[in-house]
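Take a look at the structure set out below.
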Amino acid sequence: MSEWVRVAAKSDVAEGACLGVRAGGKEVAIYHLPGGEFCATDNVCSHEYALLSDGWLENGCIECPLHAAQFDIRTGKAMSAPADEDIAVYPIKAEGDDLLVQIPG
Ligand code: FES
């Protein structure tokens, strides 16, 4: 059974921005969508090595900073070349001002 891990304060992730954290031995990207929704995915691009938290968040997709592949941050689906492999998504919830993610053990 996976545990919920505190990864950040809500106020650490500005609306429309993303933040890279380490949780459960993984690189995880936390996103704060306009309107207040939070999402969490693997932070490492499935194409080569780049941190998605250094990319651009737009219309519910994160664009990789290296070769501009896009991923849907709610599903992890690879939306454009050169990535053809999806990334993992993680459950995320807010408790007070804390953000917690559930990383498979
Ligand atoms: S490393 Fe992300 S698209 Fe190439």
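The values are calculated or read from the model by the stated rules, or taken from the named source; none is laboratory data. These numbers were taken from a predicted model, which means no experiment stands behind them. All Cβ positions, even for glycine, are placed from backbone atoms using ideal geometry, and neighbour counts span all protein chains on display. Surface accessibility is based on the protein's heavy atoms, side chains included, excluding ligands, DNA and RNA. Shrake-Rupley method; radii C 1.70, N 1.55, O 1.52, S 1.80 Å.
Just for strands (runs of 3 or more DSSP E) wholly inside segment 39-91: which have at least 2 residues that are open to solvent by less than 40 Å² (accessible area, probe 1.4 Å)?
Answer list for segment 39-91: 61-63, 70-72.
Considering only residues of segment 91-105 that are of a type outside the set (V, I, T) and out of contact with any Ser or Thr (no Cβ under 7 Å at 6 or more places or on another chain), which is farthest from the ligand (Cβ to nearest atom)?
Keep residues of segment 91-105 that are of a type outside the set (V, I, T), which gives 91, 93-100, 102, 104-105.
Now restrict to residues that are out of contact with any Ser or Thr (no Cβ under 7 Å at 6 or more places or on another chain): 91, 93-96, 98-100.
Working: P91: 24, K93: 28, A94: 29, E95: 32, G96: 34, D98: 30, L99: 24, L100: 27 Å.
Among those that are of a type outside the set (V, I, T) and out of contact with any Ser or Thr (no Cβ under 7 Å at 6 or more places or on another chain), it is G96.
Count, please, the residues in segment 8-37 that happen to be among the hydrophobic types (A, V, I, L, M, F, W, C), under 24 Å from A68 (Cβ atoms) and outside any loop (DSSP other than H, G, I, E, B).
Counting residues in segment 8-37 that are among the hydrophobic types (A, V, I, L, M, F, W, C), under 24 Å from A68 (Cβ atoms) and outside any loop (DSSP other than H, G, I, E, B) gives 6.
Which condition breaks for P104 when tested against (1) in a strand (DSSP E or B); (2) modelled with pLDDT under 95?
(1)
Give me the residue from segment 92-105 that is out of contact with any helix residue (DSSP H, G or I) (no Cβ under 9 Å at 6 or more places or on another chain) and within 21 Å of G36 (Cβ to Cβ) and, out of that set, surrounded by the fewest Cβ atoms within 10 Å (Cβ to Cβ).
This residue is E95.
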